[in-house]
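Since the structure comes first, as structure tokens, the remarks are kept for the end.
The values are calculated or read from the model by the stated rules, or taken from the named source; none is laboratory data. Predicted, not measured: the structure shown is a model, and the values here were computed from it. Note that we place each Cβ from the backbone using ideal geometry, even for glycine, and neighbour counts take in every protein chain shown. Protein only, heavy atoms only, side chains kept; ligands, DNA and RNA dropped before computing areas. Shrake-Rupley method; radii C 1.70, N 1.55, O 1.52, S 1.80 Å.
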Amino acid sequence: MQGSLHREGINMVKAEDLTLIEKASLLSGQSEWESRELKHRNVPAFVMSDGPNGVRRQTGSGDHLGLGESKPATCFPTAGTVANSWDPQEARVMGEALGAEARDLGVQVLLGPGINMKRNPLCGRNFEYYSEDPQLAGRLAAGLIEGIQSQGVGACPKHFAVNSQELRRQASNSIVDERTLREYYLTAFEIAVKEAKPWTIMSSYNMVNGVYAHENEHLITEILKGEWGFDGLVISDWGGSNDIVESARVGAGLEMPAAGLASARQVVQGVKDGRVTEAELNASAQDVLNTVERTRNTHPTGDGFLTEDDKIRNHEIARRIARKTAVLLRNEKNALPLKKNAKLVVVGDMAATARYQGSGSSKVNAYRVDNLLDSLKAREDLQVVGYAQGYDRQGAERADLVKEAVNTVNTTNPDVVVACIGLDERSESEGLDRSHMRIPQAQLDMLAELVDTGKQIVVVLVAGSAVEVDFADDVDAILYVGLSGQAGALATVDVLTGDVNPSGHLAETWPVRYEDVPNSGNFPVEERDSVYREGSFVGYRYYSTRNIPVRYPFGYGLSYSTFEYSALSVDDEGVTFTVTNTSDVLGADVAQLYVHAAHSGVLRAARELKGFQRVELDAHESKQVRIAFDDYTFRHFDVDSQSWQVEAGAWELFVGNNVNNTPLQATHVVQGTMEPQPRNEALGHYWDGDVKNVTDAEFEALYGGKPDLYDPQGVFGANDALSSWSSSRSAVARFVVNHLTKQSDKAMERTGSPDLNSLFVLNMPPRAMAKMTAGAVSPEMVDGIVDIANKHFWRGTSHIIAEYFCNASANKKTLKEITHD
Ligand code: BGC
């Protein structure tokens, strides 16, 4: 660990020793990034900061959208890219570097990693999430969390839970059956919590089965704290808390950012009314106090101990991780690695101006960024004989740029054209889901022209999540580099030249086309309720069950080496097998174990990943690999008994290097905790994974009844997204929505980046205004705003004005009570 750390014992200040209003006030933040301090009680604030792939430490008032300035820091590859390494140990090293930088910058809780399941490839934040598989996501997250916390900084895995779309992100309801919830959407969190013991966790914006995550008793009290033994602090997403009294009751400790003191008064009133007991309030406030104690020895002003050498070292760590994450998707006629002294033409705006991270709260002010063009030019064993921009980054058709690229190729006669293409800044962002899975047409058109030159084409593909690659067969090689952080370009060159043998494997399936995605007809949902009809048949679980051809399967990745799998043996504790590097070069493969219950009466996908291991092998070396079974290997959640069970019987085991390439197979008989189950025929289409055709009755059989769907009946409430006001009868409300939408479109056109502010407001319900304005807007004023949206302009306006004065004077009084000034 860099710098010194003297942790003292926790629980120094006891919640029960504080007054009612003092402890109630601890449940809301005091500013954009701080918890509330109670000076006279010796309770300092602690500082939180994004984020998952670099520290975004803002000074001044700050914002949660990555808009304002932040201090320079190392930008590591994003989670979606790190996942392609399948290397929890590397995630740990990244966590250590992140933790050290956080301390250096005065951050005591780092808001990451993001471990939501990638339910659909179009979710705008997929680049921030590890995988479509809970085992992989959970184990990588555990590595990162351990690394961060080894530096005395708390980690905050997010967003708990079932948060899969950005549209209406603060006003949507994920309707999901209990088995899918437990086995698919919660397992990554469960692994992270049990293995790495994070000090905090962030609840999500959405509701889960009709209850907001930050007040969800089932998620927080019963599962997180009760079953998993989480002993840390539950922090709401920014503006994501709804009813603070409910949150206090269920043990969700802290709403962020700054709800003002009205929240504290509501909690006190809640105690008086008996909605929350003082013991429950004490428990929630104690979680905040414990976090203060756990982080007391890292300083909000920053330790400032990192030297220039440390920063260079972190750049190298970012480069090393990026090397392991690059996935070789295609390599015909040994186009890669590039031959010594090869003549190259480099094409693509993204080669000169790197795209290396996503937009939104995770955006880091990288203190150095390498680009592909200069990194290739710097190589003495390559000749870059030309460069052309090739396309307009914002997607405009530019025949002149295409012509210039083709001319450059024709006049310089290179051996290879390296084309750097991918998704632009607007495509992948918090607050926004993609509308299709293609890369911009202008780039595809340019690529087609390059292909027509007849030269060898190597594509370097930049994107934080899966894209359609219809051009695959037209080019010689594709190296997928994800969003690879500030040193990503150096790592890309290491792999292109063969200094490093590619070993990344996809952590999500790349379907042939978007229409193949199991929930493509149902995403993102524009209304409040998003019914997770597909159950856990998501990603490869769906494609492998339905035998649907995909472009690149889950777990796929080529290498400059070739590998052979042999000698599988199985015992009660795990599987053992041999991996051999059958080539002349050193390389690494990712061995994966999948299971399937042979004749099960419990509904399951045809393949479920249950273990994996990166194996590094010298030329012609063989290694024996062991993957142990664990608590997760054969279990399922039995809804009738509300408990985890293992069904007795024969299980099929599959070992290989992607879900569709498992040369080793065996059958293993498991004793189990319950007898083989009879099939529930009411599940109909689910039995074949045919989730696009499930009927309402079949979904209800899975869900355990009819879901409770929302019917707004034309009346707007405090929890309806502002975007829904477009159908309001109030001209003022419609004007607000039209204005924001126009502003967002215009800004996007002007800057090439999404207008996160307008998007945030459009996706936000009025209720959140009272949670994010440091007391300027009270919940009562929100009622006035809602009145206006419901066409009661004068009533609403006078209510707002009257409440404004009441709130200001109540705030003054409460402040006195908690500061004792
Ligand atoms: C995001 C979180 C982030 C928080 C603070 C929210 O809008 O959803 O992931 O940590 O802002 O920036």
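Side notes on the structure shown:
- Test set (1) within 18 Å of the chain's Cα centre (by Cα); (2) without any contact (Cβ under 8 Å) to a residue 12 or more places away in the chain - Gly274 fails condition number: (1)
- Selection of segment 701-728 for residues being within 19 Å of Val525 (Cα to Cα), more than 28 Å from the chain's Cα centre (by Cα) and part of a helix (DSSP H, G or I) yields Trp725, Ser726, Ser727.
- Tally of residues being within 16 Å of Ala507 (Cα to Cα) and assigned to a loop (DSSP other than H, G, I, E, B) across segment 118-167: 11
- Among residues of segment 115-165, those that are within 16 Å of the ligand (Cβ to nearest atom), basic (Lys, Arg) and closer than 11 Å to Ala91 by Cβ, counted: 0
- Subset of segment 439-457 [open to solvent by less than 60 Å² (accessible area, probe 1.4 Å) and in a loop (DSSP other than H, G, I, E, B)]: Ile439, Pro440, Thr453, Lys455
- The residues in segment 228-257 that are open to solvent by less than 10 Å² (accessible area, probe 1.4 Å), part of a helix (DSSP H, G or I) and either within 16 Å of the ligand (Cβ to nearest atom) or not polar (S, T, N, Q) (or both) can be counted, and the count is 4.
- Any strands (runs of 3 or more DSSP E) falling wholly within segment 298-414 and containing at least 2 residues that are open to solvent by 40 Å² or more (accessible area, probe 1.4 Å): 382-388
- Any chance Asn282 is part of a loop (DSSP other than H, G, I, E, B), open to solvent by 10 Å² or more (accessible area, probe 1.4 Å) and in contact (Cβ under 8 Å) with a residue 60 or more places away in the chain: no
- Selection within segment 24-59 - charged (D, E, K, R) and more than 32 Å from the chain's Cα centre (by Cα): Lys39, Arg41
- Check on Ala79, in contact (Cβ under 8 Å) with a residue 12 or more places away in the chain and touching a Lys or Arg at 6+ places or on another chain (Cβ under 9 Å): no
- Count of segment 415-429 residues, restricted to those that are farther than 30 Å from Gln383 by Cβ and open to solvent by 10 Å² or more (accessible area, probe 1.4 Å), is 3.
- For first residues located in segment 403-426 and over 23 Å from Leu479 (Cβ atoms), partners that are at pLDDT 95 or above and lie 6+ apart or on another chain with Cβ distances below 7 Å form the pairs Glu404/Ala388; Asn410/Thr453.
- Qualifying positions in segment 166-175 - crowded, with 24+ Cβ neighbours inside 10 Å and away from the ligand (no atom under 16 Å from the Cβ): Asn173
- Taking segment 37-52 as the range and being assigned to a loop (DSSP other than H, G, I, E, B), away from the ligand (no atom under 12 Å from the Cβ) and in contact (Cβ under 8 Å) with a residue 24 or more places away in the chain as the test, the residues that pass are Asn42, Pro44, Ala45, Phe46.
- In segment 753-791, the residues that are part of a helix (DSSP H, G or I), within 13 Å of the ligand (Cβ to nearest atom) and open to solvent by less than 30 Å² (accessible area, probe 1.4 Å): Leu756, Leu759, Phe760, Ala768, Lys771
- Within the span defined as segment 504-516, every residue fails to be among the basic types (Lys, Arg), closer than 30 Å to Ala605 by Cα and not in a loop (DSSP other than H, G, I, E, B).
- Residues that are more than 16 Å from the chain's Cα centre (by Cα) and within 16 Å of the ligand (Cβ to nearest atom) within segment 176-207 comprise Pro198, Trp199, Thr200, Met207, listed in sequence order.
- Meets criteria (closer than 27 Å to Glu90 by Cα, modelled with pLDDT of 95 or more and more than 16 Å from the ligand (Cβ to nearest atom)) for Val369: yes
- Inspection of segment 292-299 identifies no residue that is modelled with pLDDT of 95 or more, away from the ligand (no atom under 16 Å from the Cβ) and among the hydroxyl-bearing types (Ser, Thr, Tyr).
- Qualifying residues in segment 80-89 (those that are open to solvent by less than 10 Å² (accessible area, probe 1.4 Å) and in a helix (DSSP H, G or I)) - the one nearest to Val615 (Cα to Cα): Ser85
- Qualifying residue in segment 60-74 (condition: open to solvent by less than 10 Å² (accessible area, probe 1.4 Å), away from the ligand (no atom under 16 Å from the Cβ), in the same structural domain as Ala285 (by the TED database) and modelled with pLDDT of 95 or more): yes
- Just one of the listed residues (Gly270, Gly253, Gly260) is at pLDDT below 95, more than 13 Å from Ala15 (Cβ to Cβ) and in contact with a helix residue (DSSP H, G or I) (Cβ under 9 Å, 6 or more places away or on another chain), and it is Gly260.
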